[in-house]
């Protein structure tokens, strides 16, 4: 390495390093220490694993996490099911002339903040909302029904907010796929079903994996959508962390929950990668 | 290269310096507590620029705790949430009451707040405004809703809403004929009472339409008739009454819950002189009356009552009989250990099926 490239390397390396170290690593170290301290009955702070033990011994905490993790997996799967046909249509079916326009149409709702989009759904779905108004005036319903505040509407909201993060990697990996593979399979007599599972899915696997990881993590860490659209049973794990920090003033417990969320979600992703025999490095390249 | 770096550092230092030097007053408060007209008037009179941050009790405490009392010059916590927090985290500055124009404050209220916010020799709060939590009821659709127990009443199934926060637990406990405030000192008895409240709220969970997250959401559900019985603040109920006479605030039979919000000065406030100016400014009769006429909260300012709109006085008389006023349960200071108990109970209610 000569002197010039070295200088260039530091110019780009130092900001990234400072950013990571000062804003991410350092606060996490403090949180880690905090999570390992526990206030005993005498009111003194002592080193202890009690905060972590609390998570496993108290049913409401680990049950909430389990429920949220299962919902996040479901949301990831549904998001894939919804976005894959869209991505396929845009990249393979429609004339390339309209491709850019369609992608812009797809991205446009995401220029608006998540909060505004969620409120948009609430205006549509609520008991005195737009959909109920039309259903009643068309005499399909006798009186308005409440469509908000249940798990179905919450999952729909979560799928909607995370669609973008699935569709973009799918489009880019489908874009790179040569159409002649599909034509060749056709010529050799493969059915549509076989083409889809033997050619299209394996080829787009890296895109599916990276999209799924992002959607899973975002859903697991979402706070806003479950809180606003979910019903009385929509306790999300992030809300429990917030409650520990803000409502109970128990920062130590909240920090322990934060670390558990990080560790357990990484574990779930690792298991998912092993089960589907995918490789993280390949998915991110 | 080096030259460029030095000039850019100098430029940044100059810029941030000029921002810091400008006379600003950073206020951590509730929505509505600093009406725009009053902020503009204050800025014109004193030349101090006001910056507002909206928050609530829990977030105020957490924010100030995170910075150890820095970042704001005035905070407005409720009087019952000051002393235990101050004893533990030391986030406020002791107030110098000689700098406060106590002639313009209702004496009994000032004394009560001084007493309730005392830690050691010092006190930490000045009263600003007060109000109560109780029921907001659609009187046409739910004419018999009179107490917190109606939040658990099957008659109003699907038309009930409340916040899943500590006032709801306390209200339901009062409606059971118990007195949670009397049990503040006895953690065990308080926990037993809250456990029974938890059981009641879990049993009544299918009756509630939702647990509302903010006051605006509640008001819009009441307006549209989606909710007929709710727990809420008096000023919200009165705001709705003005739009639709069927809706009104009702002081519950077992007692409305009375709160007093205060002015406090964070431990590392930069503009302390400005903070005292703001406190005295906001409690001046004409300004306090403007605030109450605008927001419908009661004021701690002595001379303001004479300047209130007739409508504001009528509100109060309509919702509170003499007996109701005597029955208001004022929040005593909360011991820190109780918040932990309540936090877990709220989590359990929300996660219950």
Is it the case, given these coordinates, that residue B:128 is in contact (Cβ under 8 Å) with a residue 40 or more places away in the chain and out of contact with any helix residue (DSSP H, G or I) (no Cβ under 6 Å at 6 or more places or on another chain)?
yes
Restricting attention to region A:195-239, report how many residues are over 23 Å from residue A:125 (Cα atoms) and either without any contact (Cβ under 8 Å) to a residue 24 or more places away in the chain or assigned to a helix (DSSP H, G or I) (or both).
28
Filter result for the condition that a residue is modelled with pLDDT of 95 or more and in contact with a strand residue (DSSP E or B) (Cβ under 9 Å, 6 or more places away or on another chain), over B:48, B:27, B:82
B:27
Can you report the number of residues in region A:150-181 which are touching a helix residue (DSSP H, G or I) at 6+ places or on another chain (Cβ under 6 Å) and closer than 17 Å to residue A:200 by Cβ?
10
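Can you list the helices (runs of 4 or more DSSP H) lying wholly within region B:268-331 that have 2 or more residues being more than 19 Å from residue B:238 (Cβ to Cβ)?
Details: elements: B:272-282, B:285-295, B:310-319, B:322-326.
Hits in region B:268-331: B:272-282, B:285-295, B:322-326.
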Over region B:19-51, the set of residues under 21 Å from the mean Cα position of the chain (by Cα), surrounded by fewer than 19 Cβ atoms within 10 Å (Cβ to Cβ) and more than 14 Å from residue B:291 (Cβ to Cβ) is B:51
Boolean, residue B:219 is part of a helix (DSSP H, G or I), touching a helix residue (DSSP H, G or I) at 6+ places or on another chain (Cβ under 7 Å), surrounded by fewer than 23 Cβ atoms within 10 Å (Cβ to Cβ) and more than 14 Å from chain A (Cβ to nearest Cβ)
no
Restricting attention to region A:28-36, does a residue exist that is farther than 17 Å from residue A:250 by Cβ and surrounded by fewer than 18 Cβ atoms within 10 Å (Cβ to Cβ)?
yes
Filter region B:222-244 down to the residues that are within 14 Å of chain A (Cβ to nearest Cβ) and assigned to a helix (DSSP H, G or I) and list them by number.
B:222, B:223
Under 25 Å from the mean Cα position of the chain (by Cα), farther than 22 Å from residue B:327 by Cα and either at pLDDT 90 or above or not assigned by TED's automatic domain parsing to the domain that holds residue B:224 (or both): which single residue out of B:159, B:103, B:115 fits that description?
B:103
Residue that is farthest from residue B:229 (Cα to Cα) [pool: residues in region B:196-216 that are more than 14 Å from every other protein chain (Cβ to nearest Cβ) and out of contact with any strand residue (DSSP E or B) (no Cβ under 9 Å at 6 or more places or on another chain)]:
B:196
For region B:144-192, the count of residues that are touching a strand residue (DSSP E or B) at 6+ places or on another chain (Cβ under 6 Å) and within 14 Å of chain A (Cβ to nearest Cβ) equals 8
Within region A:33-51, take every residue that is part of a helix (DSSP H, G or I) and over 22 Å from residue A:223 (Cβ atoms) and give me the one that is modelled with the highest pLDDT.
A:33
Confirm whether residue A:168 is more than 14 Å from chain B (Cβ to nearest Cβ), in contact (Cβ under 8 Å) with a residue 24 or more places away in the chain, surrounded by 21 or more Cβ atoms within 10 Å (Cβ to Cβ) and closer than 27 Å to residue A:71 by Cα.
no
Collect the residues in region A:41-53 that are more than 18 Å from residue A:267 (Cα to Cα) and either away from chain B (no Cβ under 14 Å) or crowded, with 17+ Cβ neighbours inside 10 Å (or both), keeping them in residue-number order.
A:46, A:47, A:48, A:49, A:50, A:51, A:53
For residue B:266, which of the numbered conditions (1) under 17 Å from the mean Cα position of the chain (by Cα); (2) modelled with pLDDT of 95 or more fails to hold?
(1)
Among the residues of region B:65-102, the number that are over 18 Å from residue B:116 (Cα atoms) and within 14 Å of chain A (Cβ to nearest Cβ) is 4
When (1) touching a residue at least 12 places away in the same chain (Cβ under 8 Å); (2) in the same structural domain as residue B:165 (by TED's automatic domain parsing) are applied to residue B:293, the one that fails is (2)
Condition first: surrounded by 11 or more Cβ atoms within 10 Å (Cβ to Cβ) and over 25 Å from the mean Cα position of the chain (by Cα). Now tell me which residues in region A:11-20 satisfy that.
A:17
Which of the residues that make up region A:185-234 are away from chain B (no Cβ under 14 Å) and within 30 Å of residue B:164 (Cα to Cα)?
A:215, A:216, A:217, A:218, A:219, A:220, A:221, A:222
Condition (residue is touching a strand residue (DSSP E or B) at 6+ places or on another chain (Cβ under 7 Å), touching a residue at least 24 places away in the same chain (Cβ under 8 Å) and farther than 29 Å from residue B:90 by Cα) applied to region B:260-280: is it met by at least one residue?
no
Inspect region B:151-168 for any residue being free of Cβ contacts under 8 Å to residues at least 40 places away in the same chain, in contact with a helix residue (DSSP H, G or I) (Cβ under 9 Å, 6 or more places away or on another chain), outside any loop (DSSP other than H, G, I, E, B) and crowded, with 21+ Cβ neighbours inside 10 Å and give the result as yes or no.
no
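The values are calculated or read from the model by the stated rules, or taken from the named source; none is laboratory data. Since the model is a prediction, treat every value here as computed from it, not as a measurement. FYI the Cβ positions are ideal-geometry reconstructions off the backbone, even for glycines, and counts take in every protein chain you see.
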